[in-house]
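Participant: Could you have a look at this structure, given as structure tokens, before my questions?
Derivation of every value follows stated rules applied to the coordinates shown; laboratory data play no part. Owing to the predicted nature of the structure, the values given are computational and were not obtained by experimental measurement. Here the Cβ is made from the backbone with ideal geometry for all residues, glycine too, and neighbour counts use every protein chain on show.
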Amino acid sequence: MSGNVAECVQKNFFRYRYTSNTGWFCYCGGNWENTAEFCAPLMVSYQTNYPPYGVGLRLVLSKEKDECGLTFNVNGVDFNMVYVEGGEFEGKNAHLLDGVNVLSKFNVKLDDYYIGETEVTQALWKAVMTEWNFLDDFYTPTHPMAYISWYDCQEFIRRLDSITGLPFRLPTESEWEFAARGGNRSLGYRFAGSNIIDSVSWYLNNAGFRQHQVASRWSNELA
């Protein structure tokens, strides 16, 4: 598993929702405009009505058959899902409450599931959302899809389900965090796959304030 944009997730623990003209956001991780602490799985979940500059998504599929990864082809575009064996861990979430960042801790038990090896690419997004108009000079097939709302994610998944006949969805905050930590294979790194952030993440200090090709940094233990 690897990534370089902040990612929309399901909101499953907090009662407070913030709204904006593009819908409320609950997202995990950091991106090319964030500092290092946003990229650490320890601080994964942020609820805000000011979504970050580049928000993308990653797919999840409940476990169905075996412990192998899954590969799909949608209108000529391949994408991979990696198997995550279920387990237990102590989750930690940072969320904004009345203007103050609050850190919550909770015990989590997860069943097996599959998660996208990378973020949804622009190529996959275009293969599903065929009429989508990209900004001028923005379309790069191997880059992660970004600049989208939570509602855009829901429509993308609805169409993908119709094409594949499978129930894809956004990950929960806990599924995202568990996978980012490396699942049951975790070696306890600070970041997803290493203690050295430049080897696994694009962020403010090395990204040149722009996104990059998916899987262009090391993956974590789930690779």
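Participant: Between Val77 and Thr164, what is the spin-label point distance in nm, taking each point 7 Å from the Cα along the Cα→C-beta axis?
Facilitator: Each label point is offset 7 Å from its Cα along the Cβ direction, giving 1.2 nm.
Participant: Which GluC sites (Glu not before Pro) in segment 131-223 sit in a loop by DSSP (not H, G, I, E or B) and have at most 11 other Cβ atoms within 10 Å of their own Cβ? Spell out each step's value before the answer.
Facilitator: On the way: sites: Glu131, Glu155, Glu173, Glu175, Glu177, Glu221; in loops: Glu131, Glu221.
Answer in residue order: Glu131.
Participant: What list of ³J(HN,Hα) values in whole Hz, one per residue of segment 158-172 in order, does the Karplus curve 6.51 cos²θ - 1.76 cosθ + 1.60 (θ = phi - 60°) give from phi, with Gly and Pro shown as x?
Facilitator: 4, 6, 4, 4, 5, 6, 8, x, 10, x, 5, 6, 6, x, 6
Participant: Related question: What nm value, rounded to one decimal, do you get for the distance between Thr130 and Asn205 when each label is placed 7 Å out toward the C-beta?
Facilitator: Once both label points are built, they end up 4.7 nm from each other.
Participant: Within a Cβ distance under 14 Å of Thr121, other residues only, what is the Lys/Arg minus Asp/Glu net charge?
Facilitator: After counting each charged neighbour, the total is -2.
Participant: Tell me, how many Å apart are the Cα centres for segment 154-181 and for segment 106-149?
Facilitator: After rounding, the separation between the Cα centres reads 10 Å.
Participant: Another question, if that's okay. Going by average Cβ density within 10 Å per residue, which order do the peptides 139-145, 85-91 take, highest to lowest? The partial results should precede the final answer.
Facilitator: Numbers: 139-145: 18.7, 85-91: 14.3.
Highest mean packing first, the order is 139-145, 85-91.
Participant: Is the C-alpha gyration tensor of segment 104-179 telling us rounded, prolate or oblate? Criteria: a/c under 1.5 is rounded; beyond that, a/b larger than b/c is prolate, otherwise oblate.
Facilitator: On the way: a/c = 2.36, a/b = 1.73, b/c = 1.36.
It is prolate, given that a/c is not under 1.5 and a/b is the larger ratio.
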